[in-house]
1. Here's a check for you: in segment 18-64, which residue that is of a type in the set (Val, Ile, Thr) and touching a residue at least 60 places away in the same chain (Cβ under 8 Å) is farthest from residue 79 (Cα to Cα)?
2. Has segment 50-71 got at least one residue that is assigned to a loop (DSSP other than H, G, I, E, B), over 16 Å from residue 173 (Cβ atoms), in contact with a strand residue (DSSP E or B) (Cβ under 8 Å, 6 or more places away or on another chain) and aliphatic (A, V, I, L, M)?
3. Kindly indicate whether residue 4 is surrounded by fewer than 23 Cβ atoms within 10 Å (Cβ to Cβ), of a type in the set (S, T, N, Q) and not in a loop (DSSP other than H, G, I, E, B).
4. From the list 232, 271, 247, which residue is touching a Gly at 6+ places or on another chain (Cβ under 6 Å), of a type in the set (A, V, I, L, M, F, W, C) and surrounded by 17 or more Cβ atoms within 10 Å (Cβ to Cβ)?
5. If I ask for residues that are without any contact (Cβ under 8 Å) to a residue 60 or more places away in the chain, in a helix (DSSP H, G or I) and surrounded by fewer than 19 Cβ atoms within 10 Å (Cβ to Cβ), which ones from segment 185-209 would you list?
6. Report yes if some residue within segment 322-341 is buried (at least 17 other Cβ atoms within 10 Å of the Cβ) and in a loop (DSSP other than H, G, I, E, B); otherwise report no.
7. Tell me which residues, restricted to segment 232-269, are over 22 Å from residue 328 (Cα atoms), more than 20 Å from the chain's Cα centre (by Cα) and not polar (S, T, N, Q).
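Read-outs throughout are calculated quantities, based only on the coordinates presented, and are distinct from any laboratory measurement. These numbers come from a predicted model, not from an experiment. Cβ: placed from backbone, ideal geometry, glycine included. Neighbour counts: every protein chain shown.
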Amino acid sequence: MKFQLAINLERIDDSVDMRDVERHTLEMVQMADEGGFQIAWAAEHHALEMTIAPNPFQILTWWAAHTNNIRLGTAVVTAAYWHPINVAGEAAMVDLFSGGRLEFGIGSGAYQREFDRMHPGLKQSDGWRYMQEMMPALIELWKGDYEHNGEFWQFPLSTSVPKPLQTPHPPVWVAARAPITFDFAVKNNFNIMTWPLTRDFSEAEEYKQRFETALAENPGATRPIFSMMRHACVYDEGQDRSVPIKAALRQLGQFQTLFKNTGDVHNGFPASDDISANPEYSAETLDRNLLFGTPDECIAKLRLYEDLGVDQFTYYASLGLGFKEQKRSLELFINDVMPAFS
């Protein structure tokens with residue numbers, strides 16, 4: 001099993017200077033580069049301080065200038081917010097600037113609040129339709145001249161400028177939870193990224209079953225890479241186990257506000273839902289389901305994903321944890337956890 005890093009420029013409140021956030025985020029990506037991670041992922045979100053990523057291509061260009069080997073991915077481009085010609089050119093430009101290190105991730109979008117601002121009138125639950133129309137158009141634009149007459153976009157003969165360095169195009173990843181998206185990915189030989197959120201391991205097993213079903217229903221399809229993401233915090237023996245739990249609860253309260261489209265967002269900071277009564281967010285549940293623990297405990301948890309058939313595990317570093325704790329966690333993961341899977 002190989003490893004990926006997902007990290008956001010993140011502020012839980014306005015007490016943190018953005019320049020410190022910038023410096024910390026880049027240093028974490030550089031640690032992952034030097035530590036042997038396969039991919040570093042940048043998200044796309046709008047008007048939210050907890051995920052500061054108005055353009056993932058801009059973030060990846062920045063990372064490309066300060067790293068050497070790690071591949072750089074969008075996780076994910078929200079199809080409904082873009083035009084295919086724009087996405088094709090932006091992605092190809094990053095591939096050029098990074099020396100052919102782009103991993104292109106696309107998805108349906110996460111929060112209705114963002115759709116209300118970026119694509120008014122569109123339901124988040126319909127975002128997958130834009131993704132499924134955009135992706136074939138991108139592949140054609142990366143090849144050369146292409147005319148498109150679809151349901152959501154129409155444009156005359158055009159092409160991607162520049163063209164990607166990688167041929168025939170950068171690897172494509174699809175964020176998948178619903179069976180229809182697993183099927184779309186397998187049919188098109190797109191790699192799959194999944195995220196069981198904070199839910200039990202049975203949720204991970206369900207996603208793997210959907211993957212296997214899609215493979216069975218598409219005989220002859222090439223098996224794509226199957227990845228899975230979890231929030232992660234590795235800590236030293238004897239460290240206070242409540243530190244990452246408290247940080248996670250604070251961030252997850254904001255996430256719940258956005259995910260369920262409840263509460264207010266003031267100046268980019270979401271109000272925090274009261275999740276204390278929700279058993280899904282109990283300290284015991286978070287400690288069990290997330291990649292929290294000492295190096296040995298994290299190795300044991302990761303063996304479950306390896307045995308399940310996860311090809312690449314995504315270490316999600318952003319969960320409201322302090323900069324010092326994030327760096328120590330990543331250091332322990334690189335030095336004490338990853339060697340067990342080499």
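1. Step by step, filter segment 18-64, then rank; the result is 39.
2. Checked segment 50-71: at least one residue is assigned to a loop (DSSP other than H, G, I, E, B), over 16 Å from residue 173 (Cβ atoms), in contact with a strand residue (DSSP E or B) (Cβ under 8 Å, 6 or more places away or on another chain) and aliphatic (A, V, I, L, M).
3. For residue 4, the condition - surrounded by fewer than 23 Cβ atoms within 10 Å (Cβ to Cβ), of a type in the set (S, T, N, Q) and not in a loop (DSSP other than H, G, I, E, B) - is not met.
4. 247
5. 187, 202, 203, 206, 209
6. no
7. Residues satisfying the conditions are 263, 264, 265, 266, 268, 269.
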